[in-house]
Structure formats: structure tokens, C-alpha cells
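The structure appears right after this line, and notes come after that.
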Amino acid sequence: MQQTSMVALEQRLQKLEALEQIQQLKHRYLNACDRKDVEEMRACFAPGPILIDYGAIGVFHDRDSFLELYTRLACQPNVIDLHHGANPEIVLESATEARGRWALYYFNVDAQTGLTRQLGGQYEDRYRLTEAGWRIIETRSRIHSTVEGHSLSTPSQ
């Protein structure tokens, strides 16, 4: 009985650790997007064939083609982004595979024009445990609301 309890406890602990590592991975990705840290973003995805489906932005089958477009569009001094992922629902499908759903709140300001954009949506992700830790192997973003306008002012430097 004692040995069975220890095995069950160890399994529960491994599951909790995996769930926490996956949440930390998604937070790292979103924060890297805001910091324009392309190398950290790259490290959040598994190498090789993956799926990134960001709707109108495009569908990508490897991380580098997505990051090339991201660099061109977002890594500009006038682009200020805020990505927030909330309400995670993560399901471990095995010891090395998981899926997750996240609510997305995104706010963007063009500091030159004052144009603002606010998006609400949802991420549907798949994750795989690799030698380097949990990595994103599939992500889909579906936007369900968009608000655009002009800000009254931007913060001074």
C-alpha cells in the first residue's frame, strides 16, 4: 500500500510539474513577443516541422518563416505590443504530449501615428516534451473581436 501511494504521489507531482512548465513556456513566449526577443520566441517552438496558424497573419510550417515575418512587422521602434494569455486549460495527453487553450488579449500601439488596435481571441496549442523541455509544436490563434482607434497621447521617452 505504501509503495502504491508513493507511485501515485510521484505521478501527481510529475503532472503538476508538466502543467507548470507548459504555463511558463506560454508566458515566456508572450513576454518575448512584447520584448521583441526573436531568439527567445524561437526557443519556445520545437525545431523542425510545426504548425503556426495565425489566421490573417498567415500559416507557417516552421518557426523561422514565422519569425522572419514577425521581425519585419513587429520589431520596429514605433510598434508597442502587449500580449496577455489567460484562463489556461491544459490537458496532458501523455507524458510527452499536451494541448492547451488560452484566452488572448492583445493591445498594439503605433507610437508614430497613435493608431491603436485591441484584439480578443483564443489560442489552441499543442505541446511536446523535448530534450530541451516543453515546446510548442502547434498553435492556432482565432480572433473574435477587434477594436481600432487613435490614442490621445503616447508616453514620452
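Taken together, the values in this text are just the output of simple stated rules run on the coordinates, not laboratory data. Not measured: the values here are computed from a predicted model. Neighbour counts are summed over all protein chains in view; Cβ atoms, including those assigned to glycine, are modelled from backbone coordinates with ideal geometry.
Annotations
- Estimated D of the chain in µm² per second, where Rh is the Kirkwood radius over Cα pairs and Stokes-Einstein applies at 10 °C, 1.306 mPa s: 93
- Exposure proxy order (Cβ contacts within 10 Å, fewest to most) of Ile90, Ile52: Ile90, Ile52
- Between Leu51 and Glu138, Thr139, the built amide H atoms are under 5 Å apart, and every one of these is 5 or more places off in sequence or on another chain.
- Label-to-label distance, Leu9 versus Gln122, with points set 7 angstrom from Cα along the beta-carbon direction: 3.8 nm.
- J(HN,Hα) series, segment 32-42, from Karplus relation 6.51 cos²θ - 1.76 cosθ + 1.60, nearest Hz, glycine and proline x: 5, 4, 5, 7, 6, 8, 5, 5, 5, 4, 4
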